[in-house]
Amino acid sequence: MLGVCYYPEHWKREMVREDFRKMKELGIQYVRMGEFAWSRIEPSPGKFDWEWLDEVLDWAYEEGLKVILGTPTATPPKWLVDRHPEILPVDSEGRVKKFGSRRHYCFSSPVYREEARRIVTLVAKRYGKHPAVVGWQTDNEYGCHDTTRCYCERCKKAFQRWLEVKYDDIESLNKSWGTVFWSQEYGSFDEIELPNLTVADPNPAHVLDFFRFSSDQIRSFNRMQVEIIREHSPGRFITHNFMGGFTEFDHYALSQDLDFASWDNYPLGHTAVFLKMMGERENPFARVGHPDFAAFCHDLYRGVGKGRFWVMEQQVGPVNWAPYNPCPADGVVRLWTWEAFAHGAEVVTYFRWRQVPFAQEQMHSGILWPDSSPTPGYHEVKRVAEELKRIELPSTRRSPVALIFDYEAAWVFSIQPHGEGIHYLDLVIRFYTALRRLGIDVDVVPPIASLHGYKFVVVPSLPIVRKEYLDNFEEYEGFMVFGPRTGSKTEHFQIPPELPPGILQSILPLKVTHVESLGPIRETVLWGDKEYHVGVWKEWIRSSLEPIARFPDGRGALFRNRKYFYIAFWPTEEFLMDLFEQLADEAGLKTNRLPEGVRVRKRGDLTFAFNYTDRKVTLPFDGVNFLIGGRELEPYGVSIWREPGGS
């Protein structure tokens, strides 16, 4: 159930075997390695050094450790770059990104694809049936460091061919993109440039298709690796380590080729980056992480992974890459680990075993200090390992509520946000947090997922509503809540001819006539006897439906048609909690408004409670059989109990 990331190429030979012994002693069962080791495997073209890795894998097997072997394609070596400088990516400003860090390759480079195919084949053939190797991680963190989208000549040619396949003839593209605007019409696919370095904003349909193309390039690059591993390493799992809050390519699509999803969880860094994006100056969660960000990612990657996920990198101390990098509070590493298991993680793998004293990540902590003495995180890992011996984790079950998350929606928001501070992820987290503060478990699913069995479904926003999505929504029998900007664009990034929410009008008979991004303006929404102060976004609605909630000028803010709801503004958590509490009551779903900073999650017949605050909290649950902790939840503490009637 526990693992660690390890880089044997960083350490003296005599340290490695002792490290494996100490890992086993700590309670570690899985070790991830190899994802950055290309230069040690192939120091020069065609000259290989396998002996060190042969020895390392043999030692791991002797110690009873299970190895997840990474393909080393995230770091092509210097000799390869010198031989083929054309593999280097180009940023949106037209600058070549040079060798000297990582992820220095272009997904569209035919040369690099062949080199990647070659090294993955060699590694898979040699180690695919090694008894220590139980699974594979492809590459490492696709898209990290702004590398999803490359703007080189190879990408331009590949994009032109991608467009030709999609549109067949150039007139179809011109019509779909609306290129008559600003005299952008094209005479052939070979005339189309990449959507960067334009004087003003590029055509949004052009940009959206480039985002789709770039996502497809990553998927095909990954699929190439998967096919090689499947051939040479039968019976082993294949996964990839995605990142938290990263939406630049379609993870649902890529994961169709994997056995399950993994992700890299750095709650303190992710919280700092998220709050900075939102313009927040204060961070009340600086040493523990946002109560819902990591939890949301757990639920997202469980959905991405078709019901299965791992945490492949778990923060265990201060990191080196965030806007600021504090130490986790005492007990928080344990909280993060149990939280991952509560949301269904099969394995939590810590990053890293020992803090490296050199190069770019020397300020990034590990389980051990550089002198091999234990960090504070070591003792928390040991505590979790001991606690896991006392608890058998049951299988996960379907949650009562589904939240629909869509990567294409994130792209639409980023291309034309229509104002500062308007982010898809912010809207999503608001919906998710409101549900969690009511004690409701959530499944995060794509728009095409089966919705059967959920008490109700929330859609924070879905700008492009395809016919298959609408059919899915119409078949669902429960309540559905749609947030602003849903149905606001066609597939080709145009306003629907019938006005937003487009084809969704068959279930929500209303029209959005125009929209406002509010900036510093604050509006009031009136619902029943309550007022909600809102900002960010407002829509003007024309409809025969009687509004449930209104703005002070009488215009509708919340509409209902049978089981479907539409929110015509950027809702606050308070508003959403009140709305979801009412829907839950109508749907027969029990809610429980939790104390500030407390979250709960069920896994089978076990319930987990987490305290994200620095003060003791009394849980509102009586008469339960606590397995860990108790009703008095310590600061940053964890309590686990079995539901009455559980075995």
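Coordinate-derived values only; no laboratory data. In this text the structure is predicted, and so the values were computed from the model without any measurement. Cβ atoms come from the backbone with ideal geometry, glycine included; neighbour counts cover every protein chain shown.
Charges were assigned to the Cβ only: +1 to each Lys and Arg, -1 to each Asp and Glu. The resulting dipole of segment 545-647 about its Cα centre is roughly 300 debye.
Per the Cauchy relation, a quarter of the hull surface: what is the mean projected area of the convex hull of the alpha carbons in segment 598-642, in nm²? Here the figure is 2.7 nm², rounded to one decimal.
Centroid-to-centroid, using Cα positions, segment 518-595 and segment 63-127 are 49 Å apart. With a simple spin-label model that places each label point 7 Å from the Cα along the Cα-to-Cβ direction, the separation between C327 and R542 comes to 6.3 nm. Under the criterion of Cα pairs below 8 Å and six or more residues apart, the relative contact order for segment 401-587 equals 20 percent. For segment 228-287, the percent of C-alpha pairs falling in each 10 Å distance bin, counted from 0 to the bin holding the largest distance, reads 18, 36, 24, 15, 6, 0. Across the chain, the relative contact order, built from alpha-carbon pairs under 8 Å that are at least six residues apart, equals 10 percent. Both radii were evaluated on the Cα set of segment 401-587; the Rg over Rh quotient, with Rh as the Kirkwood radius, amounts to 0.92. Taking every DSSP beta bridge that has both ends in the chain, the antiparallel portion is near 50%. A P(r) calculated from all alpha carbon pairs of segment 304-415, with 5 Å bins opening at zero, reads 2, 10, 17, 18, 15, 13, 13, 8, 4, 1 percent. Here the extension length gained between N561 and Y61 equals 173.9 nm, from 0.36 nm per residue of separation less the Cα-Cα distance. A straight line joining the Cα centroids of segment 184-262 and segment 363-412 runs 27 Å. With loop membership from DSSP and a limit of 13 other Cβ atoms within 10 Å, the longest segment of the chain without trypsin sites (Lys or Arg not before Pro) is 399-561. Ordered by the number of other Cβ atoms lying within 10 Å of each residue's own Cβ, fewest first, L197, L80 fall into the sequence L197, L80. Report the one residue of I68, N472, V458 whose Cα lies farthest in the direction of the positive end of the charge dipole of the chain (charges on C-beta: Lys and Arg +1, Asp and Glu -1; origin at the Cα centre). The residue sitting most towards the positive pole is I68. Restriction of the chymotrypsin sites (Phe, Trp or Tyr not before Pro) in segment 122-152 to DSSP coil positions whose beta-carbon has at most 11 other beta-carbons within 10 angstrom yields no sites. Per residue, the convex hull around the alpha carbon atoms of segment 502-647 comes to 165 Å³. Pairwise Cα distances in segment 6-124 exceed 26 Å for 30 percent of all pairs. Simple rule: put +1 on each Lys or Arg Cβ and -1 on each Asp or Glu Cβ in the chain, find the dipole, and look at Q225, V384, P110; the Cα lying farthest toward the positive end is V384.
Using Cβ point charges alone (K and R +1, D and E -1), the dipole size of segment 334-387 about the Cα centre works out to roughly 120 debye.
List the GluC sites (Glu not before Pro) in segment 27-123 that DSSP assigns to loop (not H, G, I, E or B) and whose Cβ has at most 12 other Cβ atoms within 10 Å. Which are they? Counting only loop positions with at most 12 other Cβ atoms within 10 Å, the GluC sites (Glu not before Pro) in segment 27-123 are E93. Label separation (E361 vs Q416): 4.1 nm, computed from points 7 Å beyond Cα along the C-beta direction. Once the gyration tensor of the Cα atoms in segment 371-430 is diagonalised, the equivalent ellipsoid follows with semi-axes of 40, 22, 9 Å, ordered largest first.
Over the chain, the hull volume per residue, using the convex hull of the C-alpha atoms, is 161 Å³.
Can you tell me how segment 529-592 classifies by the Cα gyration tensor, rounded, prolate or oblate, using a/c under 1.5 as the rounded cut? It comes out oblate by the Cα gyration axes. Length gained on full extension, R383 to A200, computed as 0.36 nm times the residue gap minus the Cα-Cα distance: 60.3 nm. With N the number of residues in segment 501-561, Rg(Cα) / (2.2 N^0.38 Å) evaluates to 1.14. For the chain, a simple Cβ point-charge model (Lys and Arg +1, Asp and Glu -1, everything else neutral) yields a dipole of about 980 debye relative to the Cα centre. Taking label points 7 Å from Cα along the Cα-to-Cβ direction, S44 and E498 give a separation of 6.9 nm.
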